[in-house]
Protein chains: 2
Amino acid sequence: MNNNLRILCYVVLFSAGCAVRNGSNAGPEDYTAFVNPFVGTKNMGHTYPGATLPFGMVQVSPQTGIQPFYTSDGTYNKKTYQYCSGYQYCDSTIYGFVHTVFSGTGHSDLGDILIMPVMKNGSGEEPEKLLPAVFSHENEQAEPGYYRVFLEPDGITAECTATERTGFHCFTFQDSGSARINLDLTYNIYNFPGKNVWTFIRVENDSLITGYRQTTGWARTRYVYFAIEFSKRIASYGHHKLNPLPYNGFYRKFNESQDFPEMAGKEILAYFDFKVRQGEKIQVKCALSPTSTAGALKNLRKEVPAWDFESVRNAAKDRWNSELSKIAVKTVQQDEKETFYTALYHTMLSPVLYEDVDGLYRGLDQNNHRSEGFTNYTVFSLWDTYRALHPLFTIVHPQRNRDMVQSMLAHYKQSVHGMLPIWSHYANENWCMIGYHAVSVIADAAVKDMGGIDVQAALEACVSTSTKPYFDGLDSYMKYGYVPDDKSGSSVSKTLEYAYNDWCIAQIARKAGNKDVFSRYMERSQSYTAVFDSAAGFMRPRLSNGRWRRPFDPMDTHGQGFIEGNAWNYGLYVPHNIPHMITMMGGKERFSRRLDSLFSMHIDEQYIEKNEDITRDGIIGTYVHGNEPGHHIPYLYLWSDKPWKTGERVRMIMDRMYSNTPDGLCGNDDAGQMSAWYVFSALGFYPVCPGSDRYALGSPMVTNAEIFLSNGNKFTVKAVNQSKQAVYVRRVVLNSRPLDRDYITHSDIMQGGELRFYLSAEPAE
Amino acid sequence: MNNNLRILCYVVLFSAGCAVRNGSNAGPEDYTAFVNPFVGTKNMGHTYPGATLPFGMVQVSPQTGIQPFYTSDGTYNKKTYQYCSGYQYCDSTIYGFVHTVFSGTGHSDLGDILIMPVMKNGSGEEPEKLLPAVFSHENEQAEPGYYRVFLEPDGITAECTATERTGFHCFTFQDSGSARINLDLTYNIYNFPGKNVWTFIRVENDSLITGYRQTTGWARTRYVYFAIEFSKRIASYGHHKLNPLPYNGFYRKFNESQDFPEMAGKEILAYFDFKVRQGEKIQVKCALSPTSTAGALKNLRKEVPAWDFESVRNAAKDRWNSELSKIAVKTVQQDEKETFYTALYHTMLSPVLYEDVDGLYRGLDQNNHRSEGFTNYTVFSLWDTYRALHPLFTIVHPQRNRDMVQSMLAHYKQSVHGMLPIWSHYANENWCMIGYHAVSVIADAAVKDMGGIDVQAALEACVSTSTKPYFDGLDSYMKYGYVPDDKSGSSVSKTLEYAYNDWCIAQIARKAGNKDVFSRYMERSQSYTAVFDSAAGFMRPRLSNGRWRRPFDPMDTHGQGFIEGNAWNYGLYVPHNIPHMITMMGGKERFSRRLDSLFSMHIDEQYIEKNEDITRDGIIGTYVHGNEPGHHIPYLYLWSDKPWKTGERVRMIMDRMYSNTPDGLCGNDDAGQMSAWYVFSALGFYPVCPGSDRYALGSPMVTNAEIFLSNGNKFTVKAVNQSKQAVYVRRVVLNSRPLDRDYITHSDIMQGGELRFYLSAEPAE
């Protein structure tokens, strides 16, 4: 078949397909139309184009290319990092559709329960060496809650949508013949020999299967349970064990590989065969559960009782639209609106729901628990998301944020370490990155009076977490008042973040009326001063004998007291006492010059190469927007002698570092933090110090924004004289009164009102 | 230290030990004194001397010798079979104490959660190569619910007792110093590389740990959860991973091997250190759960709230005594009484309880279920136990037998195959042996009106089980009316047992009033006729073309149409139509001569060597008492022209094949079946055909027996003129009326009364 004919066939097929929309949604604006799920899928954004619901437990997404492995000889394949979500826009082949992926994380995992339709006379011939299908972006479509692709050469249109816990597939077969749907439990994102611990499948009846997979890796002891239902009777089925069992006992009685309804082992590749007519569709539902196959089946029955793909797709779209429409913006250009709504979309892909429809979830102690009085979430990439994502939730998703805080407190209760989550990962703690930033999320919620949080219990959890001697240099930090570089690596980064975290704990203590803890932690929050070398003018690694570590290169990163940053950009992290930091660094004037240097100096390639998490795309001078530790820096000008430069910087970053195209993210979206930075900055304000109730004012990208708050109020942002050049804020008016401060408070927002920025192409100075 | 001094120290220590009994239990007779748990631990009995309760979930038992392995090159170590319960009387070293063992099974598994106390300056120095301790039987004691041993050279007295779900240890340290308690999760009975799938430990606080182990093997997907509490604070602890994780992620931040409260991996060897004074005791509780660590902790808290070893030991003894005293026997000689009560003890070691204190258990579908209206059991070695063990339960433990039937029906509901258990093994089906004998247990219970069983539902389960085409030649059996030897191995054994099983199903159908199923299965029950070659006079393997398989050697076993037997001994298995079988085989006279030959002919060594399950000890002629298929044979004389020979045979077997010494079992106890045969035969009757309500009369070994029935009635057996020589029954009187039949019925027993045998050294003939 030549290509033209194939495309023709496809068009015919497609117009008859499940994908045909009914043209509803007239009426309120369809914000999903402005979302491009491909944004960030090219290069290092680590996002995915698949179908999911806001904060949904299931993410159905295509897996492209030949997956790189962490090889058996222990060699790290550098390409692994590109495939954090299993999809790279530059690829032209698809291996299948998984039901869990992270969005934008800086480490990869998941990729559970891969399903792939093939024709047996096509790529399904040799199931032990599954061939990926060829695809092209012309035959690919993604929108919130829906994804579609045409798989060559087998001529199968694969569509998917999702409910919160269930992926819903519709496969349309162009040709009649023998169709096969592979269920590959050997596939993993960030695969390595031994990652699969156990897999288990039961063919419950002629169209329903259940099972689970247990893996190790970044999450050490992880279980994913599933229930899969086909719309058509399975004609026959079987499986291959890629890694045979060491002992098969009396199962030797059976021919297990063919039509034997029970499969178990380390590496199972199952397949289900169907005869199909030309143009026939087979629909497949795949529900997940954190607790059991019974839980997965319960989720499937409750969420997707019928075989109506279109209505599930429409419901998904409606769910997305109702979340996206919480902020209605107008922009000068259409592409800016798309960038904004895509960013807003990306802020709702994690954390994810992690419980069955009846509230049962797997806890950190590997026991099943019921979420009493809250909804349980997982995927807390807190070193990233405490900065702007959770503060955004305090405005847009206050109930969810409360639930997330309660999920963190449940994690604490289940933790054998007595610690809040560092990186909560499907009933596991993966310990990724530094600090104990759950305390920031809790402090932020407490200070903003979010309600529903037992402040005393939260304080106890925070104190317990922050005093765990064996955690990441904490014993030395408590003993020396800073993390000595000879005791624990990344010592400056840790000291700065512990200091900030401790300030957060002090805020919770104040809320709890505990003066003792308040004063103890306010004192700990000063520890940043211990790593500031006034002679060098930099935060720098210090030894336990009190001396500075030598040699010292403020441009260097790893092994130089910092992690994913250096003294220039990471060394400005004192969000809870910026004025004092500026004083230490020589005052406001020197500080603005320091920032100017930061944004203009050359960073040598060697420093970039050391960090897989930092790419040239995300760098302006030595300012690294593609990674988190500097996200507050553009706003620091506000505390200097040149506050107007904040507008210049944030507008430049929004303009240069974000777009509505697949390469529209300059670094990992980091579970939504990069996008949350954009959403806030586009609205004209930013939470420089979560745990305070203040948002520093920047320069809005929008011309108009209405934030519809859950309390029924509306907060409006207006940008007068908005244009690409008008990046400088001349005047700010809140509720018709001139604002004599460079911040607004959380209550300013929550009580509703109007914030009006008067912009200009020239600074006020 | 010389040996005399060591023994002296030990005596001193012991008299101060937890083991000192308080001399209570005056009053009713102490039947536990007649039980010798060492019976069967020498040679191939496969029993264990450790502590457990009747049908208890936990079995705490020492593991001896250097455990044989199924090696990595796949070579089967023949010694493995001796260690089905991990203990061999001939050994002189102990590796530790596990919390699960099978009693007398014909295949090995379990050996979970091994605990071993050592002195660090002794064998605890090198924890990665744990050295077993030396012991001698002089310093060893076992009684129902209690076990004690002195461990050399470290000078530790280890005692243990148990509740239903909790093992309770008391370790007394002879010397002061550094004591270590190892928790070895790498140890397995029938170990092989890859048997451990995953292990997980949490040190919850300074004296409590929880965790689980997941294994594969005979049970493919098996989980055992535990909670362990120490009576003394742990001073320090750590673990070794014998098989390091393929990826350690950000756990690299920690020194996990020392005092890190979370351990996970494939092969974990943990240790807990304590300083001890001379003569100090450390007590350890270890509760198990089939569902979760939360379940294990619940079981521990509920069952053993205090640190009172003695009271738990006394309670265990009382529980045993109350079960043993359900049958009060008198014998001519003391050793016969010991043999009897040890056999009775062995009938209560399996099946075992398999649920938490709140009724939660792991089902065959790997989901947790609650046992509504019954108590859940596992370890159904049904090919063995349907014969006499379950029929014994219908008299002595009717409620438990009902619960076991309901456990089987729950298994059926959870089975993806729609099958009743073949060999129920801790939420797994291990498919061991042939037939579907759960139907016999159910039929027996139904026919005996045990109550509490939904007969319609049971019938459905039986029909579903017996029509599963892919099970062990069933498709061919249904097609040809017998199992053709060219279609499925052990074809004659299967045909004979399917025929009997089908007769059982017909009995259930009759109870259920289902004439259709009744007549269909009565017809199927005739299939034994299809494998009888009247020319040869033997049951023999037949091919699908209707011809007999050639060559045919009626002495041969495996590969000759039989399994663990031959045409001579296995070919007499038509329990549901013995008169017809005898007619086919040429009539009563020829039949008694055939039996005489069977009991006197020589069996060549080559046939014995082929069967690891058959030993010379258990053979009389070609009659194999050490294995099950012939257990009814001594009673078949009753249907011949020489019925009095039954008494001669059964008394000879009781005399020669059973004793009160460690080598007192002539073959595997087979989960209690061998012992149940003895209990019945000693009482003078035997259930030749479970599923009928009849017990064939033999010749009692006892002089007097009172069976105290749960309905309040008492059934008494008296043997008049009892002596070693008086093996022939001259007359039987039931409730003062001469009995004109050679059987009694279940209702004869249950309504109470007296069965009087008049014995003689000469047959009536």
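Summary table
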item: Pairwise FRET efficiency - B:SER257 versus B:SER207, Cβ, R0 = 22 Å, nearest 0.05; result: 0.60
item: Most positive-pole-ward Cα, A:ASN566, B:HIS107, A:GLY435, against dipole of the protein assembly as shown from beta carbon charges; result: A:GLY435
item: DSSP beta bridge pairing in segment B:327-760, given as percent antiparallel to the nearest 5; result: 80
item: Inter-part distance where segment B:148-165 and segment A:208-261 are each reduced to a Cα centre, Å; result: 42
item: Total accessible surface hidden between B and A, rounded to 100 Å², 1.4 Å probe; result: 4700
item: Average Cα contact separation per residue, chain B, under 8 Å, 6 or more apart, as relative contact order %; result: 12
item: If the convex hull is drawn through the Cα atoms of segment B:197-246, its volume per residue in Å³; result: 99
item: Expected-Rg normalisation [2.2 N^0.38 Å, Cα atoms] applied to segment A:640-736; result: 1.12
item: Rh by Kirkwood over Cα pairs, then Stokes-Einstein D for the protein assembly as shown at 1.002 mPa s and 20 °C, µm²/s; result: 60
item: Virtual paramagnetic centre 7 Å along Cα→Cβ of B:TYR470, amide N under 16 Å, in segment B:392-417; result: B:415-417
item: Listed residues B:LYS253, A:LYS645, A:LYS724, B:LYS588 arranged by accessible area, highest first, probe 1.4 Å; result: B:LYS588, A:LYS724, B:LYS253, A:LYS645
item: Förster radius 22 Å - calculated FRET efficiency between A:THR716 and A:ALA761, Cβ distance, rounded to 0.05; result: 0.40
item: Mean Cα-pair separation over length for segment A:284-431, i.e. relative contact order, pairs under 8 Å, 6 or more apart, %; result: 21
item: Percentage of interatomic Cα-Cα distances in segment B:327-760 larger than 36 Å; result: 23
item: Residue-normalised accessible area of segment A:209-301, given per residue in Å² at a 1.4 Å probe; result: 29
item: Taking the C-alpha atoms of chain A, convex hull volume expressed per residue in Å³; result: 159
item: Computed helical MRE - 222 nm, chain A, DSSP H runs ≥ 4 contributing -39500 (n - 2.57), nearest 500; result: -8000 deg cm²/dmol
item: Surface accessible to a 1.4 Å probe, per residue, for the residues of segment B:327-760, Å²; result: 31
item: Spin-label model distance (nm) - A:SER322 vs B:ASP740, 7 Å beyond Cα toward Cβ; result: 8.4
item: Percent carbon-and-sulfur accessible area, chain A, ignoring ligands, DNA and RNA, probe 1.4 Å; result: 49
item: Distance (nanometres) between label positions extended 7 Å along Cα→Cβ at B:SER544 and B:ARG520; result: 2.3
item: Percent antiparallel among DSSP beta bridges (both partners in the protein assembly as shown, rounded to 5); result: 95
item: Share of pairwise Cα separations in segment A:3-324, more than 23 Å, in percent; result: 55
item: Relative contact order of segment A:3-324, pairs being alpha-carbon contacts under 8 Å that are 6 or more residues apart, as %; result: 19
item: Nitroxide proxy distance, nm - points 7 Å out along Cα→Cβ at A:ASP596 and B:ILE608; result: 10.2
item: Charge dipole (segment B:450-584, unit charges on Cβ, about Cα centre) - positive-most of B:GLY513, B:PHE552, B:PRO541; result: B:GLY513
item: Segment B:325-399 versus segment B:739-765: alpha-carbon centroid distance in Å; result: 26
item: FRET E, pair A:ASP641, B:LYS275, Förster distance 51 Å, beta-carbon r, rounded to 0.05; result: 0.20
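The values are calculated or read from the model by the stated rules, or taken from the named source; none is laboratory data. The structure displayed is predicted, hence computed values, not measured ones. With ideal geometry, Cβ positions are generated from the backbone for all residues, glycine too; neighbour counts draw on all protein chains shown. Keep in mind that these areas ignore ligands, DNA and RNA; they rest on the heavy atoms of the full protein, side chains included. Shrake-Rupley method; radii C 1.70, N 1.55, O 1.52, S 1.80 Å.
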